[in-house]
1. Compare A:Glu61, A:Glu185, A:Glu138 in a GNM of chain A, Cα atoms joined below 10 Å, and give the one with the largest fluctuation.
2. Go ahead and set up a Gaussian network model of chain B, Cα springs under 10 Å, then flag whichever of B:Met348, B:Met54, B:Met213 fluctuates most.
3. So how many Å³ per residue does the convex hull of the Cα atoms of the range A:193-293 work out to?
4. Which percent of Cα-Cα pairs in the range B:267-307 sits in each 10 Å bin, short to long?
5. Does chain A come out rounded, prolate or oblate, given a ≥ b ≥ c as the square roots of the eigenvalues of its C-alpha gyration tensor, rounded meaning a/c under 1.5 and, failing that, prolate meaning a/b above b/c?
6. Which pairs break 25 Å Cα to Cα here: B:Lys17/B:Lys183; B:Lys77/B:Lys110; B:Lys110/B:Lys136; A:Lys107/B:Lys17; B:Lys48/B:Lys287?
7. For peptide B:76-83, compute the average count of partner chain beta-carbon atoms within 10 Å of each residue's beta-carbon.
8. Take the alpha carbon atoms of the protein assembly as shown, find their radius of gyration, then divide it by 2.2 N^0.38 Å using N residues; give the quotient.
Amino acid sequence: MTTATAEPELARMARRRAMVPYLLLLPGIAWLIFFFMVPILRLIGVSLQSGIYPNYEFTWEWGNYAQLWTTYRGQVWNSLRFAFTATVICLVLAYPLAYFIAFRGGKWKNFLVVMLLMPFLMPFLLRTLSWKIILADEGLVVSTLKGLGLLGPNATLLATSAAVIAGIAYNFLPFMTLPIYVSLEKLDRSLIEAAADLYATPAEAFRKVTLPLSMPGVVAGTLLTFIPAVGDYVNVLLLGSPNEFMIGNVIQSRFLNVLDYPVAAALSFTLMIAIVVLLVPYVRATGTDELVA
Amino acid sequence: MTAENGIPAVELDRVTKQFADFTAVHELTLSIGENTFFAMLGPSGCGKTTTLRMIGGFEDPTSGTIRLHGEDVTGLKPYRRAVNTVFQSYALFPHMTVEENVAFGLRRQKVDDAEIKQRVGETLELVQLSARRGAKPKQLSGGQQQRVALARALINHPRVLLLDEPLGALDLKLRKEMQIELKRIQQEVGITFIHVTHDQEEAMTMADTIAVMNQGRIERLGSPSQIYEDPRTPFVAGFLGASNLMNGTVSGNEVGLPNGSVIRLTDIQAARCNGHATVQIGVRPEKLSFFGNGDANVPVNRLTGVIADTSFQGVSTQYLVEVPGIGQVAVVEQNLGEIHAPGEEVLMAWKPEHTFVVE
């Protein structure tokens, strides 16, 4: 008698408990659907429209995609070139910096990390604008370099690809440094001692132990730098000239200035796919999943 | 203790290690012979790990000299010393397989591939891990990781192997097995093992020689039985096994206790009381036995008291006996006869050679 009523009760409770993970997932999935899936599908839809503003119609206009290659090859090339160079510069600067903070920071460690994040207290645009002042033709840097003979009398720094790359590298440096710092910080110091105990010189210990174990940080850092850098347009607007335009500038002007939504949408979608296609083999090759202890 | 050539494997000469606010090791002088299983035993903070790290080259002594086989290695980096270490948490390289971990030291020494392959095979055989050569450390059990750490150090044929609490992370049963295993391996490879531990039983099981350390100094050095039977200091008497310590006044070969009992000492122990009016003596709980009033051959050192507590422990029973004027005395008796109940008045006695004097 009692079991007859108790069993369905238990079963109902078990069923309800089994639902809990899905209920917890719901907000996240809803968020992804409304703010990621729907806009992406809408973007794809717009990218296949044709016509003249404001009368665009869906016509399977694949020609919008062709423009990436026919019209905007130069800007695509700039995007990849600038983002790649800036990422390499960030890596070269960030690794030693992160290494220093993690291994030699001592009691200053947290202070140094805060210092690293300090620029974030100032808005992105203001930070980049201040570089415009620093690198200006009449500014201190240019006149000093000219005085030292390192720059020709008519040379400028502003409106060059060097300035754009420097701006991108400057703005994304913390995104590279932090993940590398975290991976070095959590590295078990006794592993380095073990390497030394097993006849590894400091250089060998770094190459065989520290570096491979910090690869997850390096991969995360390069992704966090390269992906936003490819799509960046602010650094070019403030520090470059139309010669340095990146694909982000094209998309921005197509959307906001020319109001050519279909081409802008096609370019955006292609950029997204291109990044995924470029990065999947990179993440695979570095095999980071194997390293997560 | 020393090999034929008489040069010890490890020598410390007045080695001191000073950290910012305390002295971890104080003027330590020590000589460890070839092919010895040497244990450094002590509570945490006694300086045993610091001493080991100085021998390994991970810390530089503030002053003093460290010699390995007669060669001064003070200040030499770890990778220039023919010494290998089994780390407390094993410190296995997580991104390498068992095989790669074990081969690491030989690769750094540019040993050729064929020899590496052969020696890795032999060493994995020695620690019985040949079947898991392709596994990553995180796929292994604690005991297996411990063996990999051991193999990774031993493959280099170090002249001295340092073990920093190597069994600390294992459960009791595995720890017992590994104690026997480690001792077997030491005898098989015939190199000096220096083993740091806070576990007195582990040290006694494995070591030929034990150094009991306290506050940066060696309190007592000797074989496990020497140290156990004659601990010499109250610290060693308490740290290594249990002891009943009693204060008394010296008169010749005898010590008078506050309750009027007179305890007889051996000549050797009595000689150590020379020049002292009062002295602290001790006796191990298992050296005491209960006797009835009519028994013959009752040893000369006797105390009477009332049992305060009885705890049955399987192979033996531990009693706490309240002795007026002295306090509680612990007695451990094998479970051969009757078990005495609390409240019973008992006569306990032990032989003179089982009394030791502490300073």
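Each value in this text was obtained by applying a stated rule to the coordinates, not by laboratory testing. Note that the structure is predicted; figures quoted are calculated from it, not measured. Reconstructed Cβ throughout: ideal geometry from the backbone, glycine too, with neighbour counts over all protein chains shown.
1. Sorting by GNM fluctuation, first place goes to A:Glu138.
2. In the Gaussian network model the winner is B:Met348.
3. In the range A:193-293, the Cα hull volume divided by residue count equals 137 Å³.
4. Calculated P(r), rounded to whole percents: 19, 42, 29, 10.
5. It comes out oblate by the Cα gyration axes.
6. Violating the 25 Å Cα-Cα cut-off are B:Lys17/B:Lys183; B:Lys48/B:Lys287.
7. Average neighbour count from other chains, rounded to a whole number: 4.
8. Its radius of gyration relative to the 2.2 N^0.38 Å reference: 1.45.
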